[in-house]
Amino acid sequence: MNLPKTFFGWVGLLIEQYGTMFLRGTGYTLIIALSGTVIGFVIGLLVAILKTIPVVPKDGWLKKIGLKVLNVILNVYVEVFRGTPMIVQSMVIYYGSMSMGIRMPVLFAAILIVSINTGAYMAEIIRGGIISVDKGQKEAATAIGMTHWQSMVRVVLPQAVRNIMPSIGNEFVVNIKDSSVLNVISVNELYFTGKSAAGTYYRYFEAFFIIACIYLVLTFTITRLLRLLEKKMDGSANYTIYGSQSDSKASIKLPREGDVPLD
Amino acid sequence: MTDNRFTGPILQVEHLKKSFGAHEVLKDISFSVEKGDVVSIIGSSGSGKSTLLRCINFLEQPTDGQIFFQGKNAEHDWPRGQYHANVGMVFQSFNLFNNMTVLQNCTEGQIRVLKRSKKEAEEKALMYLEKVGMTPYIKARPAQLSGGQKQRVAIARALAMDPEVLLFDEPTSALDPEMVGEVLGVMRDLADSGLTMLVVTHEMAFARDVSSRVIFMDAGVITEDAPPAEIFTNPKHPRTREFLSRVLEK
Ligand SMILES: Nc1ncnc2c1ncn2[C@@H]1O[C@H](COP(=O)(O)OP(=O)(O)OP(=O)(O)O)[C@@H](O)[C@H]1O
Ligand SMILES: [Mg+2]
């Protein structure tokens, strides 16, 4: 077999031989990063909501103590997972559970690790988002009789999530890159496939050049897509003035029997 | 839900006290409000007017004392949601839900708290938005409105819950002077329609011309409680006299 002499020759050869493997690695990386971000978001949301449950004097002691204990547990979780590297968490969780006789499939373990790790960061991000929504709106919701849960879900969280969209997107991009550390538990993600491909001919530069390009394409595309999503969430900057003379489509229409409701 | 046969005072505040830490802001406040009363609460800054309103609808937990609505203890005998629907509040800073349109702002509470259907809630909302002159803006978001318009929507949102009593905390203080009139106009109409209102205000003309009673607060206590004619022409307490001469000469 004639081995290539140039850089791009090697790149071509590696793509030809390992292209499908790289694609599979890309798929794994995307699956791990996406599920990790989504599940991490849900964990963060739960933690943030649980941490903002208000205590009023007429609550029983059981609720008061329960909330205190819960708060301590949640704080420990956030501190531990923000305070240690994910590569170490991977080893501890994967081999720790193995020594307890639990053999997790690696992909499952990978998603689990990224989710728990992301959850700890998301909890703080979402807490910041909740604080960013002015207290008056929560009070107004309370003042018309909405419960804590209703006002959080309907008023505070939608605005909190919108405000932190850039940070959520950032977590996703970070997860795409940082899931590479999961190669230590031998998940077939992108970095791992790069390592395998490089090993055959000892062409590390060429193999990881390809891997770098794929990472860059992924993060670049996702960043743009998230920008678009943010624009969409903001909705239209204009509104129709009903009854306006200049706009023939606009007319005040009070709903009548049988009308479809206004949105 | 609300008791139409009940004939006593619609709202009674008895020995209400509120402290923030060691700072006693409300010191044994008692008064009652009859159905249809329009009560203006005046007094200098820091005298506890906002705290009083916030305690009445439990945005602040009173340290001591009781509140009765239609003769029943507001804290123990009324489900909290029901009580809030009956005793509404309009804030100085409007506090509209920024993620919703004007119409949604006015239907949300009806749907979630009163369990009205969307259609029924929208009819009700449109009726009150019409009353405050905001029908053209039902699709607008709060950020797209002027202060006066926001406050009129906030009033419609409170009215849509069909409250028996509406509390106003300086509803015009955050407004540019040219918008104060439009909001006071709406409040005048409400007073004329017989709604029971408790209004913390610095608008002495409103207190004098629209209210049926004026309460003067000073350092956490009610020092005077009388019809406007009496308070404005013949204030009894020296603190009231001093306050009125200060605000009226402006
Ligand atoms: N959450 C709080 N924590 C501590 N102190 C508070 C709190 N809310 C109000 N106070 C204090 O209570 C006192 C009364 O405040 P309040 O807002 O009720 O006065 P006010 O009569 O409404 O004044 P203004 O006319 O300026 O609105 C003030 O000294 C204020 O600093
Ligand atoms: Mg005040």
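The values are calculated or read from the model by the stated rules, or taken from the named source; none is laboratory data. None of these values were measured; they are calculated from a predicted model. Positions of Cβ are generated from backbone atoms using ideal geometry, with glycine treated the same way; all protein chains shown enter the neighbour counts.
Quick notes on this one:
- Residue in the range B:151-171 that is free of Cβ contacts under 8 Å to residues at least 60 places away in the same chain, outside any loop (DSSP other than H, G, I, E, B), over 29 Å from B:K119 (Cα atoms) and of a type in the set (A, V, I, L, M, F, W, C) present: no
- The range A:18-29, residues that are buried (at least 17 other Cβ atoms within 10 Å of the Cβ) and closer than 20 Å to A:F220 by Cβ: A:F22, A:G25, A:T26, A:Y28, A:T29
- Residue that is nearest to ligand 1 (Cβ to nearest atom), among those in the range B:20-73 that are surrounded by fewer than 17 Cβ atoms within 10 Å (Cβ to Cβ), within 28 Å of B:V247 (Cα to Cα) and hydroxyl-bearing (S, T, Y): B:S45
- Scoring A:T118 on the criteria (1) surrounded by 16 or more Cβ atoms within 10 Å (Cβ to Cβ); (2) in a helix (DSSP H, G or I); (3) free of Cβ contacts under 8 Å to residues at least 60 places away in the same chain leaves a single failure, condition (3).
- In the range B:7-19, the residues that are more than 10 Å from ligand 1 (Cβ to nearest atom) and under 19 Å from B:I222 (Cα atoms): B:P9, B:L11, B:Q12, B:V13, B:E14, B:H15, B:L16, B:K17
- Picking from residues in the range B:73-84 that are out of contact with any helix residue (DSSP H, G or I) (no Cβ under 7 Å at 6 or more places or on another chain) and touching a residue at least 12 places away in the same chain (Cβ under 8 Å), the one that is nearest to the other protein chains (Cβ to nearest Cβ) is B:G81.
- Residue selected from the range B:85-109 under the condition touching a residue at least 60 places away in the same chain (Cβ under 8 Å) and more than 16 Å from ligand 1 (Cβ to nearest atom), by the criterion farthest from B:P163 (Cα to Cα): B:L96
- Test: B:L175 is touching a Ser or Thr at 6+ places or on another chain (Cβ under 9 Å), away from ligand 1 (no atom under 12 Å from the Cβ) and within 14 Å of another protein chain (Cβ to nearest Cβ): no
- Criterion violated by B:D37 - all others in (1) within 13 Å of chain A (Cβ to nearest Cβ); (2) closer than 23 Å to B:P227 by Cα satisfied: (1)
- Answer residue from the range B:179-228, given it is part of a strand (DSSP E or B) and among the β-branched types (V, I, T) and is farthest from B:V90 (Cα to Cα) among those: B:T223
- Test: residue in the range B:130-137 that is on the phi < 0 side of the Ramachandran plot, at the interface with chain A (Cβ under 9 Å from one of its Cβ atoms) and in contact (Cβ under 8 Å) with a residue 12 or more places away in the chain: yes
- Against the list (1) over 18 Å from B:L166 (Cα atoms); (2) modelled with pLDDT of 95 or more, the condition B:D77 fails is (2).
- Only one entry of A:V55, A:V47 meets the criterion of being at pLDDT below 95, outside any helix (DSSP H, G or I) and within 28 Å of A:Q159 (Cα to Cα), and that entry is A:V55.
- Beta carbons closer than 8 Å, at least 6 apart along the sequence or on distinct chains, pair a first residue in the range A:45-61 that is surrounded by 10 or more Cβ atoms within 10 Å (Cβ to Cβ) with a second that is part of a loop (DSSP other than H, G, I, E, B) for A:V56/B:Q61.
- Residue pairs meeting the criteria (Cβ under 9 Å; at least 6 apart or on separate chains; first without any contact (Cβ under 8 Å) to a residue 60 or more places away in the chain, in the range B:197-210; second assigned to a strand (DSSP E or B) and within 15 Å of ligand 2 (Cβ to nearest atom)): B:E203/B:S40; B:R208/B:S40
- Whichever residue in the range B:194-229 is more than 16 Å from ligand 1 (Cβ to nearest atom) and either of a type in the set (S, T, N, Q) or within 14 Å of chain A (Cβ to nearest Cβ) (or both) and, among such residues, is surrounded by the fewest Cβ atoms within 10 Å (Cβ to Cβ): B:S212
- Options A:R103, A:R82: the member that is free of Cβ contacts under 8 Å to residues at least 40 places away in the same chain and among the charged types (D, E, K, R): A:R103
- If you go through the range B:142-153 and keep only what is more than 7 Å from chain A (Cβ to nearest Cβ) and away from ligand 2 (no atom under 16 Å from the Cβ), you end up with B:P142, B:A143, B:L145, B:S146, B:G147, B:G148, B:Q149, B:K150, B:R152, B:V153.
For (1) modelled with pLDDT of 95 or more; (2) in contact with a Pro (Cβ under 7 Å, 6 or more places away or on another chain); (3) under 22 Å from B:V165 (Cβ atoms), each residue gets a yes or a no:
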site: B:S193; (1), (2), (3): no, no, yes
site: B:V200; (1), (2), (3): yes, no, yes
site: B:A205; (1), (2), (3): no, no, no
site: B:F216; (1), (2), (3): yes, no, yes
site: B:A219; (1), (2), (3): no, no, no
site: B:F232; (1), (2), (3): no, no, no
site: B:E242; (1), (2), (3): no, no, no
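- Among the residues making up the range B:165-183, those that are over 24 Å from B:L103 (Cβ atoms), at pLDDT below 95 and away from ligand 2 (no atom under 16 Å from the Cβ) are B:D176, B:P177, B:E178, B:V180, B:G181.
- Of the numbered criteria (1) farther than 29 Å from A:H148 by Cβ; (2) within 13 Å of ligand 2 (Cβ to nearest atom), the one B:S30 fails is (2).
- Tallying residues that are more than 7 Å from chain A (Cβ to nearest Cβ) and part of a helix (DSSP H, G or I) within the range B:107-125 yields 7.
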